[in-house]
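I have placed the structure first, in the form of structure tokens, so that the comments after it can refer back to it.
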Amino acid sequence: MRTETLIAAVISVCICGIVSAQSPDVIIPAPAEFRFTGGTCNFTGEPQVKILHNTKDIRPEGYRMTISRKGVKVEAADEAGAFYAMQSLDQMTAGGSISELACCEINDYPRFPYRGLHFDVSRHFRSIDFLKKQIDAMAHFKMNKMHIHLTDAAGWRMQIDAFPRLTGFAAWRPEKKWKDWWFGDRLYSEAGTPGAYGGFYTKDELMDLVEYAAARHIDIIPEIEMPGHSEEVMAAYPELSCSGESYSGSDFCIGKDRTVEFLEKVLDEVMEVFPYEYIHIGGDEASKKNWKECPDCQHRIAEEGLKDVDELQSWLIKRIERYVISKGRKIIGWDEILEGGVSPTATVMSWRGTEGGIRAMGYGNDIIMTPGKYCYLDHAQDAPFREPESIGGYLPLELAYSYEPVEESMPADGLHHLKGVQANLWSEYITEDSHAEYMYWPRAAAIAETGWSPQGSKDYAGFRERMVRETELLKARGYNPFDISREYGERKASAKLVEHKAIGASVTYHKPYSNAYTGEGDGTLTDGKAGGWAYGDGRWLGFISDIDLTVDLGSTMPVHYIGATFMQVIGPEVFMPERVEIYTSEDGVEFGLAGICHNDVPVTAEELLFREFGTVCNTNARYIRYKAFRNPVCRGWLFTDEIVVN
């Protein structure tokens, strides 16, 4: 017979009881299966663990826990499974404060092997102690991948012996708040400069963090950005830029051999510290602007027979991938690495929606899904007027929990390439550790359940109830989670249909709305649905131009009011219109001015704001011409949700 691993957690003095006891339906993530067997188990003392051998019928990272009159027994295929069983037991006992459990059997295992959480330590440096604290919370919710974003424009955070100015200069800046630095001069500081903000991790600190995470069955995936998001490197080592000058751009010069040599040497030192399968190489949002004029980049394009700058980026990604593979590792990149082609050995992290992941799956690439709509925790999680500053948008717990990674358009024979999910927190507007913690929890737990629990098993009402309980446990352990029990919720104006004369009316757009924010199409502004807190909720129509449209009411009728609501959130450059002009017509040819509305909201206002731009009139009309003009200085985006006519 095979020997198998048996981990028996014997809780002393277990006695059957009659009174109500804690059951497995409090566990987060929800277990794959459980059934009650009758009776309860009372206990005192600390759990005792005995390791034997028994892996029969138990999946990797899974466990079987039996709570009976005789005690608590855990069987697991591996150490991770035994560890996760203890997390479930910890939740059932509320950290040891409950000493009575319902007799039951739990059979539990993860849906996906990758259940990740992302940490942006470039924009704002986080201490090792903070990261360890979050590792503990991740483990509590059975997350197993910590993605740590070590480099970006705002600061380089890892000791690299071969290039000391990365931490001696590029890890420091004059301003603590990212937005003060970003909207200021974007300068860096020499280490030791009075008042300099930043920091970096030594290799010893990172190896200690790796060991700490490993003890909790969490792999740490380091990210070294390339070829874009690298302003800090260009400032410290300007010879790696296209111009050869400091502060001259964000992209590495791919045409220079020294760039490839630099990246390979950096990755050598990264791989010495982080022993795991994956190395994240970024690949997102490269401007590629300088490459079009750079002689070195153009020479590389010609020499390698490349078509354009997209293929130049792909050339670098493939070159780095070959190098990483030669060291026995694999790369992960954001979905932009698909531009220009990518080899099937790369794992694609899909963040710009899910399309990139689905496309990569079709190419035979492994994918990790992290679409911004559901997984970007830098958006406000409650009514923005009640929340601390964020980048904008609205991602409540319910929306995060609603994400389903498997889509109908995914080929059934390619689903094995879907490795899992990840929640991301970018920290541009999150200066303090306590604020970051507030943004992570409880939404990261919702993504954890998506990655662990079986497909089709989700129940938000039940999850919310469990999360209210878990929030109190997190607080008791010194965390600063958002208190879901005090949630305000969605914008009240969006809760019911807006009744007005233009509902269902056709709209002609003389200037097109953006393909990125199409709402529900041409009828978005006359469907009676007011928008919520976020411009990406499918009810707002976005324009990266002035707005000029005509509404056809279908017949001439009395009109007494015409208006529309706009939003402003300056982080993503969404502004109020500078002015709105409204015209009416009976024949659609001759239009008369009904009113002009001027903006009185300052463009510097940092809070999320809504304002109605409308006019009272007394006329007969069939056609409404509505024009909104962008602020001539800020320009940016215009978002509106409904043309109301009464």
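The values are calculated or read from the model by the stated rules, or taken from the named source; none is laboratory data. Note that this is a predicted model, so its numbers are computed, not measured. Here the Cβ positions follow ideal geometry from the backbone for every residue, glycine too, while neighbour counts run over all protein chains shown. What goes into the accessible areas is simple: the full protein's heavy atoms, side chains included, and nothing from ligands, DNA or RNA. Shrake-Rupley method; radii C 1.70, N 1.55, O 1.52, S 1.80 Å.
The rows are residues; the columns are (1) under 19 Å from the mean Cα position of the chain (by Cα); (2) closer than 30 Å to Glu404 by Cα.
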position: Ile106; (1), (2): no, yes
position: Tyr109; (1), (2): no, yes
position: Phe141; (1), (2): yes, yes
position: His149; (1), (2): yes, yes
position: Ala170; (1), (2): no, no
position: Ser189; (1), (2): no, no
position: Thr193; (1), (2): no, no
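Any chance the range 437-448 includes a residue that's out of contact with any strand residue (DSSP E or B) (no Cβ under 7 Å at 6 or more places or on another chain), open to solvent by 30 Å² or more (accessible area, probe 1.4 Å) and farther than 18 Å from Met146 by Cβ?
Yes - at least one qualifying residue is present in the range 437-448.
So which residues in the range 479-489 are in contact (Cβ under 8 Å) with a residue 40 or more places away in the chain and open to solvent by 70 Å² or more (accessible area, probe 1.4 Å)?
Narrowing the range 479-489 to residues in contact (Cβ under 8 Å) with a residue 40 or more places away in the chain: 479-482, 484, 487-489.
Residue satisfying the conditions is Tyr488 alone.
Yes/no matrix, rows are residues, columns are (1) touching a His at 6+ places or on another chain (Cβ under 8 Å); (2) modelled with pLDDT under 90:
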| position | (1), (2) |
| --- | --- |
| Pro47 | no, yes |
| Asp57 | no, yes |
| Arg64 | no, no |
| Ser68 | no, yes |
| Gly71 | no, yes |
| Glu79 | yes, no |
| Met92 | no, no |
| Asn107 | no, no |
| Pro110 | no, no |
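Only residues that are more than 19 Å from Thr370 (Cβ to Cβ) and among the aliphatic types (A, V, I, L, M): list them for the range 405-419, please.
The answer is Ala412, and nothing else.
Give the number of residues within the range 541-557 that are of a type in the set (A, V, I, L, M), open to solvent by 30 Å² or more (accessible area, probe 1.4 Å) and closer than 7 Å to Lys511 by Cβ.
Of the residues in the range 541-557, the ones of a type in the set (A, V, I, L, M) are 541, 544, 547, 549, 551, 553, 557.
Next cut, open to solvent by 30 Å² or more (accessible area, probe 1.4 Å) only: 544, 557.
So of that shortlist, the ones also closer than 7 Å to Lys511 by Cβ come out as none.
Residues that pass the stated criteria total 0.
Look through Arg319, Arg300, Arg329 and report the one residue that is open to solvent by 40 Å² or more (accessible area, probe 1.4 Å), touching a residue at least 24 places away in the same chain (Cβ under 8 Å), more than 17 Å from His229 (Cβ to Cβ) and of a type in the set (D, E, K, R).
On the way: Arg300 fails: open to solvent by 40 Å² or more (accessible area, probe 1.4 Å); Arg329 fails: open to solvent by 40 Å² or more (accessible area, probe 1.4 Å).
Being open to solvent by 40 Å² or more (accessible area, probe 1.4 Å), touching a residue at least 24 places away in the same chain (Cβ under 8 Å), more than 17 Å from His229 (Cβ to Cβ) and of a type in the set (D, E, K, R) holds for just one of Arg319, Arg300, Arg329, which is Arg319.
Taking the range 370-418 as the search range and keeping residues that are buried (at least 18 other Cβ atoms within 10 Å of the Cβ) and among the aromatic types (Phe, Trp, Tyr), which one is nearest to the chain's Cα centre (by Cα)?
The qualifying residue nearest to the chain's Cα centre (by Cα) is Tyr376.
Assess whether Cys634 counts as being more than 25 Å from Tyr517 (Cα to Cα) and either in contact (Cβ under 8 Å) with a residue 40 or more places away in the chain or open to solvent by less than 10 Å² (accessible area, probe 1.4 Å) (or both). Quick ask: steps written out before the conclusion?
Values: more than 25 Å from Tyr517 (Cα to Cα): no; either in contact (Cβ under 8 Å) with a residue 40 or more places away in the chain or open to solvent by less than 10 Å² (accessible area, probe 1.4 Å) (or both): yes.
The answer is no for Cys634.
Filter the range 571-610 down to the residues that are of a type outside the set (Phe, Trp, Tyr), open to solvent by 30 Å² or more (accessible area, probe 1.4 Å) and under 13 Å from Phe639 (Cβ atoms) and list them by number.
If the condition is that a residue be of a type outside the set (Phe, Trp, Tyr), open to solvent by 30 Å² or more (accessible area, probe 1.4 Å) and under 13 Å from Phe639 (Cβ atoms), then Pro572, Glu573, Leu608, Leu609 are the ones that fit.
All but one of (1) assigned to a strand (DSSP E or B); (2) in contact with a Pro (Cβ under 7 Å, 6 or more places away or on another chain) hold for Leu316; state the number of the condition that does not hold.
In the conditions (1) assigned to a strand (DSSP E or B); (2) in contact with a Pro (Cβ under 7 Å, 6 or more places away or on another chain), Leu316 misses (1) alone.
Condition first: assigned to a loop (DSSP other than H, G, I, E, B) and within 18 Å of Thr151 (Cβ to Cβ). Now tell me which residues in the range 181-195 satisfy that. Before the answer, list the steps.
Pass one, the range 181-195, residues assigned to a loop (DSSP other than H, G, I, E, B): 183-195.
Across the range 181-195, the qualifying residues are Arg186, Leu187, Tyr188, Ser189, Ala191.
Return only the number of the condition from (1) open to solvent by 30 Å² or more (accessible area, probe 1.4 Å); (2) out of contact with any strand residue (DSSP E or B) (no Cβ under 6 Å at 6 or more places or on another chain) that Lys501 does not satisfy.
(2)
Can you confirm whether Asp257 is open to solvent by 40 Å² or more (accessible area, probe 1.4 Å), under 21 Å from His299 (Cβ atoms) and over 26 Å from the mean Cα position of the chain (by Cα)?
Yes, satisfied.
Is it the case that Gly456 is open to solvent by 20 Å² or more (accessible area, probe 1.4 Å) and not hydroxyl-bearing (Ser, Thr, Tyr)? Working first, answer last.
Working: open to solvent by 20 Å² or more (accessible area, probe 1.4 Å): yes; not hydroxyl-bearing (Ser, Thr, Tyr): yes.
Yes.
Just wondering, is there one or more residues in the range 517-531 that are in contact with a Ser or Thr (Cβ under 6 Å, 6 or more places away or on another chain), outside any loop (DSSP other than H, G, I, E, B) and surrounded by fewer than 22 Cβ atoms within 10 Å (Cβ to Cβ)?
Scanning the range 517-531 turns up no residue that is in contact with a Ser or Thr (Cβ under 6 Å, 6 or more places away or on another chain), outside any loop (DSSP other than H, G, I, E, B) and surrounded by fewer than 22 Cβ atoms within 10 Å (Cβ to Cβ).
With (1) touching a strand residue (DSSP E or B) at 6+ places or on another chain (Cβ under 6 Å); (2) surrounded by fewer than 17 Cβ atoms within 10 Å (Cβ to Cβ); (3) on the phi > 0 side of the Ramachandran plot as the list, and Thr508 as the residue in question, which single condition is left unmet?
Unmet condition: (3).
When the residues of the range 145-167 are filtered to those that are touching a Phe, Trp or Tyr at 6+ places or on another chain (Cβ under 9 Å) and open to solvent by 10 Å² or more (accessible area, probe 1.4 Å), which remaining residue is farthest from Ile570 (Cα to Cα)?
Among those that are touching a Phe, Trp or Tyr at 6+ places or on another chain (Cβ under 9 Å) and open to solvent by 10 Å² or more (accessible area, probe 1.4 Å), it is Ala162.
Of the residues in the range 108-125, how many are open to solvent by 10 Å² or more (accessible area, probe 1.4 Å) and in contact with a Phe, Trp or Tyr (Cβ under 7 Å, 6 or more places away or on another chain)?
Step one: list which residues in the range 108-125 are open to solvent by 10 Å² or more (accessible area, probe 1.4 Å), which gives 109-113, 123, 125.
From the residues that got through so far, the ones that are in contact with a Phe, Trp or Tyr (Cβ under 7 Å, 6 or more places away or on another chain) too are 110-111, 123.
Within the range 108-125, residues that are open to solvent by 10 Å² or more (accessible area, probe 1.4 Å) and in contact with a Phe, Trp or Tyr (Cβ under 7 Å, 6 or more places away or on another chain) number 3.
Do you know which residues across the range 560-596 are within 20 Å of Val645 (Cα to Cα) and not in a strand (DSSP E or B)? Let's see the steps before the verdict.
Step one: list which residues in the range 560-596 are within 20 Å of Val645 (Cα to Cα), which gives 560-567, 577, 579-596.
Matches in the range 560-596: Pro577, Glu586, Asp587, Gly588, Val589, Glu590, Phe591.
Being assigned to a loop (DSSP other than H, G, I, E, B) and surrounded by fewer than 24 Cβ atoms within 10 Å (Cβ to Cβ) is the filter; apply it to the range 230-247 and report the residue that is nearest to the chain's Cα centre (by Cα). Before you say what the answer is, go through the steps one by one.
Kept after step one, since they are assigned to a loop (DSSP other than H, G, I, E, B), are these residues of the range 230-247: 230, 237, 241-247.
Imposing the further condition that a residue be surrounded by fewer than 24 Cβ atoms within 10 Å (Cβ to Cβ) reduces the set to 237, 243-247.
Numbers: Tyr237: 31, Ser243: 34, Gly244: 34, Glu245: 34, Ser246: 31, Tyr247: 29 Å.
Checked the range 230-247; the qualifying residue nearest to the chain's Cα centre (by Cα) is Tyr247.
Would you tally the residues in the range 325-358 being over 13 Å from Gly283 (Cβ atoms), part of a helix (DSSP H, G or I) and not charged (D, E, K, R)?
4
When the range 197-229 is examined, which residues are found to be part of a loop (DSSP other than H, G, I, E, B) and open to solvent by 10 Å² or more (accessible area, probe 1.4 Å)? Can you show your working first?
To start, the set of residues in the range 197-229 that are part of a loop (DSSP other than H, G, I, E, B) comprises 199-200, 202, 215-218, 227-229.
Selection gives Phe200, Thr202, Ala215, Arg216, His217, His229.
Residues of the range 451-481 being assigned to a helix (DSSP H, G or I) and of a type in the set (S, T, N, Q), which ones? So that I can check it myself, show each step before the final result.
Start the filter on the range 451-481 by keeping residues that are assigned to a helix (DSSP H, G or I), which leaves 451-452, 460-476.
Correct list: Thr471 only.
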